Amino acid sequence: MIDILAIIIAPCVTLAVIRFLSPLALTLGLVDKPGGRKDHDGEVPLIGGIAMFAGLAVSLVFAPPPANVAVVIAAGLLLIIGVLDDYVFLSAYSRLLAQVSASLIVILVNDQYLLSLGSLFFDSAPFALGAAAIPFTIFSAVGVTNAMNMSDGMDGLAGGLTLVALVALACVAGINGAPGQLTFLLAFIGVTIAFLAFNMRTPWRTRAQIFMGNGGSMFLGFAIAWLLIQLTQGATPVMPPIVALWIFAVPLMDTVCIMLRRISKGRSPFAPDREHLHHVLLLAGYTVNQTVWIMLAIAALFAAGGVGAYYAGVPEFILTYLFLIIAAGYFWAMQRAWKVMKLLHRHLLATAPPPVGMHAARPVKRSTIK
């Protein structure tokens, strides 16, 4: 059975921590200041990650699946590293070392890692990783963690993508009868919604009141990575590994594409830039809210398509090849980002006039774009 108390208490704790820490963060200087690539208004408290972690950690007191306790503890270590990074800049390699260490903690404590990638070929047995299992698990967990971190580029985007993934996972866990994981996922959904109540733009709020910070985005990405691993592995997995890729498709595709482009240009794969999908949509003329909702809609379509196809009986290898084809198409389009922007901009002009006094071909300055 699911634990209703854990599901109710988790978001309440998150809301309470947000209310308590918001003024304190301004006093302590735990804020995001505009400048450089950050184009937001004023100083914004970086306490969203701390608040979400607190809510999720308290929920484990009432419904503690042992595997998730280890994940949350390791994610908490990344939260601390991220908060330090928000205070004093840490190198990308320092953060990478912390992510690898956190992954090793979960592997050693839970004795859990990616053993199989599922059926990748027609009528084949699951593809076993063998000796590569632990290195590939670390690579995957670090990849998902950084994908979420890189998605934290505007109000509501990283939190919204997290919510889409968690709802999809909760549906799978509920259908397949995994009450322990379902309780944790529903509590996770609650704390994410509590955060989004202060982070996502609304008709009555034009900018975010809080950010999750690097600690929050790494914490969310790491937790989702291990939820995907737990639900796709073991003696009775609740879904095949390829469905996990569909559920996390948008941040994953965008991050892989960006890293490949950076490497091809001789730059560090962790170097910051403005070449993500949300930047392309903004430069095409869409507002921050439109961009966020477009990306969330795409993410929801991917998740629903992958989960729906799985339950409809579509073979794993077909889902795998279809995903790879779409990913290749995305990479091709992003390699021609300017043409994509022109196409999107042309569509925008056909549906709505540009703002008065604003040249249609130039990017509009937005608030809270990082």
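Brief remarks follow.
- Most to least packed among 243-253, 305-315, 112-122 [average Cβ atoms within 10 Å]: 243-253, 112-122, 305-315
- A dipole drawn for the chain from +1 and -1 charges on Cβ atoms has a positive end, and of 20, 278, 62 the residue lying farthest that way is 278.
- The range 174-303: relative contact order in percent, alpha carbon pairs under 8 Å with at least 6 residues between: 18
- Cβ crowding within 10 Å averaged over residues, with 89-99, 6-16 ranked highest first: 6-16, 89-99
- Label-to-label distance, nm, for residues given as residue 205 and residue 287 (7 Å Cα→Cβ offset): 1.7
- Inter-probe distance in nm under a simple model that places probes 7 Å from Cα toward Cβ, at residue 175 and residue 27: 5.0
- Rounded to the nearest 20, the Cβ-based charge dipole of the chain about its Cα centre (Lys and Arg +1, Asp and Glu -1) stands at 1360 debye.
- Dipole of the chain [Lys/Arg +1, Asp/Glu -1 at C-beta], most positive-end residue of 29, 240, 97: 29
- Karplus 3J(HN,Hα) series, Hz, for the range 77-83 with 6.51 cos²θ - 1.76 cosθ + 1.60 (x for Gly, Pro): 5, 5, 4, 4, 4, x, 5
- Taking the inverse of the mean reciprocal distance over all distinct Cα pairs, the Kirkwood hydrodynamic radius of the chain comes to 21.1 Å.
- For the range 183-289, size of Cβ-based charge dipole, Lys and Arg +1, Asp and Glu -1, in debye: 320
- Structure-based [θ]222 nm, the chain - -39500 (n - 2.57) summed over DSSP H runs of at least 4, per residue, nearest 500: -22500 deg cm²/dmol
- Packing order of peptides 17-26, 291-300, 320-329, highest average first: 291-300, 17-26, 320-329 (average count of other Cβ atoms within 10 Å over each peptide's residues).
No lab work stands behind these numbers, since they all come straight from the coordinates. Note that the coordinates shown come from a computational prediction; the quantities given were computed from them, not determined experimentally. Heads up, the Cβs are rebuilt from the backbone with ideal geometry, glycines too, and the neighbour counts pull from every protein chain shown.
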